[in-house]
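The values are calculated or read from the model by the stated rules, or taken from the named source; none is laboratory data. This is a predicted model, so every value here is computed, not measured. Glycine gets a Cβ as well: all are built from the backbone with ideal geometry, and neighbour counts include every protein chain shown.
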Amino acid sequence: MKEVLKDFAKKWLKQAEYDLEDAKKAKDWKSYNLSCFLSQQAAEKALKAYLYYAGVEIVWGHSVGALCKEAIKFDSTFEKVLSEARALDKYYIPTRCPDALPEESVPSEVYEENDALNTLVKAEKIFSLVKEKIRQT
């Protein structure tokens, strides 16, 4: 079963890498809300990849912070990205749903280039750590 989970983890990591690349493209297209969301998704999928690789058979949830806390149980190194993980949770729903924002705002009009850059940096840090951990074993 462990080898199956490792193969599954590699698929999750591969998709995380695609999401990260798409987040960069969305930033370049000035679709900043989409870039923020895809950065959150990349970090979420990378952490799920790590947890599967660590042997967790069922990984649930979309909170990057919660997934990072689970990863810390297997490797305390993930403590160094916990702040970034928690920050990315803010970009899961509001970047897509107009009813998650105040007044008449819509996600496409609220997020700015700086938001996209900041979320990309956080997601890349998490992705890089996961990639390093998966390569080490």
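Side notes on the structure shown:
- Only residues that are in contact with a Phe, Trp or Tyr (Cβ under 7 Å, 6 or more places away or on another chain), more than 19 Å from K122 (Cα to Cα) and at pLDDT 95 or above were counted in region 6-36, giving 1.
- Only residues that are on the phi > 0 side of the Ramachandran plot and among the aromatic types (F, W, Y) were counted in region 1-37, giving 0.
- Helices (runs of 4 or more DSSP H) completely within region 3-110 that count 1 or more residues being touching an Asp or Glu at 6+ places or on another chain (Cβ under 9 Å) and in contact (Cβ under 8 Å) with a residue 24 or more places away in the chain: 32-53, 64-74, 82-88
- When I58 is tested against (1) modelled with pLDDT of 95 or more; (2) among the β-branched types (V, I, T); (3) surrounded by fewer than 19 Cβ atoms within 10 Å (Cβ to Cβ), just one condition goes unmet, and that condition is (1).
- Count of region 76-95 residues which are surrounded by 16 or more Cβ atoms within 10 Å (Cβ to Cβ) and either out of contact with any helix residue (DSSP H, G or I) (no Cβ under 7 Å at 6 or more places or on another chain) or over 15 Å from K30 (Cα atoms) (or both): 12
- In region 91-137, the residue that is modelled with the lowest pLDDT out of those that are within 15 Å of S35 (Cα to Cα) and among the basic types (K, R) is R96.
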